[in-house]
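The structure appears right after this line, and notes come after that.
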Amino acid sequence: MHTWPLSFREFPDQRIIMADDSGCYFMANRDFVERYALGHLTEADATFLQKNGHTYQDEGDLSHTAFMSRWVQRQHVGGESAYVILIPTLRCDLKCSYCQVSRAPLTAKGFDWSEETLKQTLTFLDHLPGNEIQIEFQGGEPFLRLDHIKAVAEFARQRFHRVRFVVCTNLQTLNNEIVEFIKSDDVFISTSLDGPHDIHTRNRTANADLTREFHRNLSKVTKLVGPEKVSALPTIDIEDPPTAKELIASYEQFGFKSLYLRPVNYQGFARKSHPAARASVNWTAYYRNFINTLIAHTARTDRVMEEFYLTHCLRRILGAGVDNHTDLRNPNIPTGANAVVDFDGLIYPSDEARMLARIRQVDLSIGNVVDGLDQEKLALLAPGHINNFDPDCIHCPYQPFCGTDPIDDLSRSGKIDVPRQESWFCQRHLAVFDLAFELLYSSDPAIQYTLSRWLGLEALPEALKPVAP
């Protein structure tokens, strides 16, 4: 009998999570790990490993083939669907404290797509492979160029079999033309709701009347299209965050059942106004407290609200193919089918790469809409976007579920070869996956109820919580 290599990580209570490269996992104790490490597995140990797919007899037998199938599914990302971010303008009517991309003033010239850039962008989209696409409009405030948005939408609806549009907007302005566009079935809205009125005002609008106008517009849009078509994401200043209860109440006010908790991103120009975001040393404690408060709130009120990122990580643990969130993919190799087209027609592998270019730290553009993609640069960037061969990641049981973020490493450390456990990306995701497994294996009824609802299940099957003898 051959055993696939197992990685492990110990929790404070001395329980140990173990996993193989295909993402099959189980909980064990120290005695089991010692027997495994020394080659002294008992008959019960061997039977457990065999039943859970961690062993095989010979290459090519059914157990071996099953493992390889699971492993291949973990490595396959993509398919025929493209995800492109378009920046029709950098102009904006707000000056948010954590803005990363150096927005241009409302009346500024030269920060919008020209008609030629629009034409070339449509040509770039036309050359993408496949018949499915999600197009996300960012800015600046993209609704300042609704004409460009509508032109892209009209083209994409004819070019692609299936298309989804997301407009990332501050919702400060909501005229009849914008409302009509929002009402389309394939249009979704993403905005920022940072919590109570005073915190949102401090972070984003700097004006109480503007905050009230935003609240009115947000309420109008959620009533018009339903809260399920609107994503409202809080950006948390960890130096002065809202309480968990305040944040939950702010989201329930508008009928939201999901939020995505994010710290200020240490990218672009946000670094000047939020230097503490570089380390975010208090983030894990804040995040854990928020999740605990959210679970207690669900148990008390029976109103289920998910935290999107933790739910996403749980789904990645439980099965392959959960790759719709591009921030956590592996491999996540840059291609034209997963790119950002800036206001000037330059193409970047991610929005964070665009921010590094805006502050002149490093030019990570991978081409432009006129000349196409720079294949040589794409080849140089590719190795940093896969964790399978990282000397630290290969010893981590979370490697099959996790990813890598060399752009964030560049922003925080000025290099991409940071020892993995010293990077913010790794520290954050170790904490998130630790929490996910702790909750998954918890016997607390409130936790089990909440997790099952987040995952769309009536109850969590015991098969999702294997434990070694």
Expected output for region 106-133 (first residue under 24 Å from Asp186 (Cβ atoms), partner surrounded by fewer than 20 Cβ atoms within 10 Å (Cβ to Cβ) and of a type in the set (Phe, Trp, Tyr), Cβ below 8 Å, 6+ apart or cross-chain) is Leu122/Phe155; Leu125/Phe155; Asp126/Phe155; Ile133/Tyr83
Exactly one of Ser219, Ser190, Ser250 is among the hydroxyl-bearing types (Ser, Thr, Tyr), assigned to a strand (DSSP E or B) and either out of contact with any Pro (no Cβ under 8 Å at 6 or more places or on another chain) or surrounded by 15 or more Cβ atoms within 10 Å (Cβ to Cβ) (or both), and that one is Ser190
Those residues of region 137-177 that are of a type in the set (Gly, Ala, Ser), at pLDDT 95 or above and outside any helix (DSSP H, G or I) come to a total of 0
Residue hits (region 391-408; in contact with a Cys (Cβ under 8 Å, 6 or more places away or on another chain) and either within 16 Å of Asn324 (Cα to Cα) or hydrophobic (A, V, I, L, M, F, W, C) (or both)) are Cys393, Cys396, Phe401, Cys402, Thr404
Within region 299-342, the count of residues that are part of a helix (DSSP H, G or I), closer than 30 Å to Ala357 by Cα and free of Cβ contacts under 8 Å to residues at least 12 places away in the same chain comes to 0
Going through region 17-76 in order, the residues found to be among the aliphatic types (A, V, I, L, M), surrounded by 19 or more Cβ atoms within 10 Å (Cβ to Cβ) and in a helix (DSSP H, G or I) are Leu49
Being modelled with pLDDT under 90, surrounded by fewer than 20 Cβ atoms within 10 Å (Cβ to Cβ), over 17 Å from the mean Cα position of the chain (by Cα) and under 27 Å from Met27 (Cβ atoms) narrows Gln361, Gln421 down to just Gln421
If you go through Asp363, Asp408, Asp390, the only one that is under 18 Å from Pro331 (Cβ atoms), charged (D, E, K, R) and not in a helix (DSSP H, G or I) is Asp390
Ala208 fails exactly one of (1) free of Cβ contacts under 8 Å to residues at least 12 places away in the same chain; (2) aliphatic (A, V, I, L, M); (3) under 17 Å from Val340 (Cβ atoms), namely (3)
Pairing a residue in region 278-298 that is touching a residue at least 40 places away in the same chain (Cβ under 8 Å) and among the polar types (S, T, N, Q) with any residue that is assigned to a helix (DSSP H, G or I) and surrounded by fewer than 17 Cβ atoms within 10 Å (Cβ to Cβ), where Cβ atoms lie under 6 Å and the two sit 6 or more apart in sequence or on different chains, gives Thr284/Ala431
For the structure I just gave you, tell me whether Gln448 is at pLDDT 95 or above and either under 30 Å from Asn282 (Cα atoms) or out of contact with any helix residue (DSSP H, G or I) (no Cβ under 6 Å at 6 or more places or on another chain) (or both). yes
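The values are calculated or read from the model by the stated rules, or taken from the named source; none is laboratory data. Just so it is clear, the model here is predicted, and its values are computed rather than measured. Ideal geometry is used to build each Cβ from the backbone, glycine not excepted, and the neighbour counts take in all protein chains shown.
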